[in-house]
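J.: Let me begin by handing over the structure; questions about it come next.
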Amino acid sequence: MGTLTGKIALVTGASRGVGKGIALSLGEAGATVYITGRSRQEGESGVALPGTITQTADEVTAMGGQGIAIHCDHRDDAQVETAFQRIMTEQGQLDVLVNNAWAGYEGYVDDRHLPPNFSFWKKPISFWDENLAGLRWAYVASHFAAPIMVEQRSGLIVNISFRVGETGDPAYNIAKTGTDRLAREMAHQLREHHVAAVSLSPGLVRTESVLKNAQWFDMSTSESPQYTGRAVVALANDPQVMARSGQALLVADLAVAYDFDDIDGTRPVFTP
């Protein structure tokens, strides 16, 4: 799939889950990967799940890249700005931004929002904020990344999304639809500067949260978190990536287009 040696990436919300998988795949390709999140040590997270930014950084390094943890709460714009300033001070460039940080599943971890098919009026109003907050976080991180990439006249911004199918979950579906639209809007303004922006949707990913609630899911075609990471690596290595800028992409489609498999040698298909 090519190498990303010498490339600098930032993956937000990468203590665990899809973000961690992306960071590991970028490290496997040789990139230097900055990892943001709230969890510096076990038990520090807002959810009762394993994983810390330090653990992810160590695993990235073990995969062959260089992992660097930055403690950052994306609810605080000043902390986000400081993270970008640190990257530029230490590296002087930023080649890939993956907007992954999101809080929409936290209520499923502590059982506040179970079962998933609860009607929207039976869930707390905070469920809306937990889902839509990640969209703002993606906007803010992109706000700080864009000037760097525009100056370089190169870069890739990836918004992690999910392909919305049937109706039934207003907060979640609007958050993901908005994530796709954000990539499209950013791509329009970034195109003349040779910076690509896309949204990327995996299928059902075997994150710590999903595995904890596996009884609610059909796991037969589930994916590892690194499958999404391999899609990001493929995009970052594609010299023609600008042709995809603005698009809402599926990991499963990119696996076919770029000819890569999941870490177990399978090639899961998308099942909404």
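J.: Would you confirm whether or not the stretch 225-241 contains a residue that is loosely packed, with under 14 Cβ neighbours inside 10 Å, at pLDDT 95 or above and out of contact with any strand residue (DSSP E or B) (no Cβ under 6 Å at 6 or more places or on another chain)?
T.: Looking through the stretch 225-241, at least one residue is loosely packed, with under 14 Cβ neighbours inside 10 Å, at pLDDT 95 or above and out of contact with any strand residue (DSSP E or B) (no Cβ under 6 Å at 6 or more places or on another chain).
J.: I'd like to check something: does the stretch 177-192 contain any residue that is under 20 Å from residue 252 (Cα atoms) and touching a Leu at 6+ places or on another chain (Cβ under 9 Å)?
T.: yes
J.: Among the residues of the stretch 233-248, what is the count of those that are over 28 Å from residue 173 (Cα atoms) and in a loop (DSSP other than H, G, I, E, B)?
T.: Residues that pass the stated criteria total 3.
J.: Further question: If you go through the stretch 143-201 one residue at a time, how many are of a type outside the set (Val, Ile, Thr), surrounded by fewer than 21 Cβ atoms within 10 Å (Cβ to Cβ) and under 19 Å from residue 8 (Cα atoms)?
T.: The number of residues fulfilling the criteria is 10.
J.: Name the pairs whose Cβ atoms lie under 9 Å apart, with the first residue in the stretch 1-18 and free of Cβ contacts under 8 Å to residues at least 40 places away in the same chain, the second surrounded by fewer than 24 Cβ atoms within 10 Å (Cβ to Cβ) and acidic (Asp, Glu), and 6 or more positions between them or separate chains?
T.: From the stretch 1-18, the pairs are 6/95.
J.: Hey, could you check the stretch 23-63 for residues that are of a type in the set (D, E, K, R) and within 20 Å of residue 84 (Cα to Cα) and say which is modelled with the lowest pLDDT?
T.: Taking the candidates together, the pick is 40.
J.: Anything in the stretch 249-267 that is crowded, with 16+ Cβ neighbours inside 10 Å, assigned to a loop (DSSP other than H, G, I, E, B) and of a type outside the set (A, V, I, L, M, F, W, C)? List them, or say none.
T.: 262
The values are calculated or read from the model by the stated rules, or taken from the named source; none is laboratory data. This is a predicted model, so every value here is computed, not measured. Here Cβ is always computed from backbone atoms with ideal geometry, including for glycine, and neighbour counts include all displayed protein chains.
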